Structures are given as structure tokens and as C-alpha cells.
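*Asks:* I have a structure here, written as C-alpha cells, and I will follow up with some questions on it.
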Amino acid sequence: MLLDESPLFDPSLLRELDWNSNTVSFSPPISPSSPGDDLVLRPLCTADFNKGFFEVLSQLTKTGEVTPEQFVSKFKHMKTTGDYYVVVVEDTNLGQVVATATLIIEHKFIHSCAKRGRVEEVVVSDVCRGKQLGKLLVSTLTLLSKKMNCYKITLECAPTNVAFYQKFDYSASDETYMQCRFFD
């Protein structure tokens, strides 16, 4: 199974973000192009399977047992649709993914056939918390959804995380989140 550095989406989308329209302050200053010493923010690639991607995700939720073949198959599906933007932060000294988040674009008939962005699976490795990487990921995906002409961007979070997301101008809606789970 060939795992390589081919990105899930065009990295220029991240380079071209208008960071001046970011609404959150960073101290010390960081950005998608300069996320910190020995850190790189970039699109997911299949080589990340062996760089701790699932270990980071497992700090958020159950990931299950995933083979390289399953990972590559899902990666190809996501890349083909063009609606998945999984970003990772890699520690280049360690050669390991230390943070990740996903933007999914939904195509709608409402709002004149608009697009809606959804933020999913925001997680920073416990060894890298406190470096503003969660803020960086959410800011990046928020700006990316704007660049992709989404009419809105949404996410679901635990009540304890509401204040964090309010920093990015997210607000609680009057709607109730509901689910019907078929398996863990």
C-alpha cells in the first residue's frame, strides 16, 4: 500500500486565506503559514496514516481499527468529492501529526443553492495543548469556509466548549441537536 504526501486538497487554498480578516488574536502571533516552531499546517495526506493521525483523533473519540487500505479508500473518496478539507498540524521534528480538524462542505437547495460549512473533529494532541493550535485550526477552517462561499458554518460541541467557539463569532442557535446513533 503506497502512502504518500499527495494532499487531500490544493494547499494553495490555505496559503491564500485572508488572515487579516481573522477575528481572533494570537499571542504570540501564529498563522496558517507560520503555526509555530517546527510546526506545519497543511492538508491531510495518506502518509499521515503512519504519522500518528489516528492517535490524535483517538484523543477525541473512538476511531476503531483502520487498515491502511481502508484509510486510502476513504481518503480517495473524500478527495474525489472535493467537499472535504481535513487539515493537520505536523511537528516536523517528530514527524508526527499533533492536531487536526475537518471542514465539510454541504451543498444545499436553500439560500439560492448555497453551501454550508461544517466543522468536525477538532482535536489537539495532549502533548501540544496550550500552543494555540485549536484556535489556529478553527480560525483557518472558518476563513476557508468563507473563501469557499459558504453562507454559514456550523459545529457541534460540548457545553463546556461553547465559550471557546464564541471567540470566533460562533453563537448558539435556537435549534436542538438531535441524533440517532446506529453504532459506536
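*Asks:* Please determine, by comparing only the residues of the stretch 103-133 that are basic (Lys, Arg) and either within 9 Å of the chain's Cα centre (by Cα) or within 22 Å of Ser58 (Cα to Cα) (or both), which one is modelled with the lowest pLDDT.
*Replies:* Among them, the one singled out is Arg129.
*Asks:* Can you confirm whether the stretch 28-37 contains a residue that is under 16 Å from Val138 (Cβ atoms), of a type in the set (Gly, Ala, Ser) and in a strand (DSSP E or B)?
*Replies:* Yes: the stretch 28-37 contains one or more residues that are under 16 Å from Val138 (Cβ atoms), of a type in the set (Gly, Ala, Ser) and in a strand (DSSP E or B).
*Asks:* Which one of the conditions (1) in contact with a strand residue (DSSP E or B) (Cβ under 9 Å, 6 or more places away or on another chain); (2) open to solvent by 20 Å² or more (accessible area, probe 1.4 Å); (3) under 23 Å from Gln166 (Cα atoms); (4) not β-branched (Val, Ile, Thr) does Asp126 fail to meet, given that it meets all the rest?
*Replies:* (1)
*Asks:* List pairs: first in the stretch 54-70 and free of Cβ contacts under 8 Å to residues at least 60 places away in the same chain, second assigned to a helix (DSSP H, G or I) and surrounded by 13 or more Cβ atoms within 10 Å (Cβ to Cβ), Cβ under 7 Å, 6+ apart or cross-chain?
*Replies:* The qualifying pairs are Thr63/Phe54; Thr63/Leu57; Val66/Phe54.
*Asks:* Quick one: in the stretch 161-184, which of the residues that are among the hydrophobic types (A, V, I, L, M, F, W, C) and exposed (fewer than 10 other Cβ atoms within 10 Å of the Cβ) is nearest to the chain's Cα centre (by Cα)?
*Replies:* Ala163
*Asks:* Among what's in the stretch 134-160 and is part of a helix (DSSP H, G or I) and open to solvent by 70 Å² or more (accessible area, probe 1.4 Å), pick the residue that is modelled with the lowest pLDDT.
*Replies:* Only one residue tops the list, namely Pro159.
*Asks:* Hey, any hits in the stretch 6-26 for a residue that's surrounded by 13 or more Cβ atoms within 10 Å (Cβ to Cβ) and part of a strand (DSSP E or B)?
*Replies:* Yes: the stretch 6-26 contains one or more residues that are surrounded by 13 or more Cβ atoms within 10 Å (Cβ to Cβ) and part of a strand (DSSP E or B).
*Asks:* Check whether at least one residue in the stretch 100-108 is polar (S, T, N, Q) and in a loop (DSSP other than H, G, I, E, B), and report yes or no.
*Replies:* There is no residue in the stretch 100-108 that is polar (S, T, N, Q) and in a loop (DSSP other than H, G, I, E, B).
*Asks:* Within the stretch 76-88, is even one residue of a type in the set (A, V, I, L, M, F, W, C), free of Cβ contacts under 8 Å to residues at least 12 places away in the same chain and open to solvent by less than 80 Å² (accessible area, probe 1.4 Å)?
*Replies:* no
The values are calculated or read from the model by the stated rules, or taken from the named source; none is laboratory data. Nothing here was measured: the structure is a model prediction, and the numbers come from that model. Counting neighbours? That spans all protein chains shown, and the Cβs are built from the backbone with ideal geometry, glycine included. Note: areas computed on protein heavy atoms with side chains; ligands, DNA, RNA excluded. Shrake-Rupley method; radii C 1.70, N 1.55, O 1.52, S 1.80 Å.
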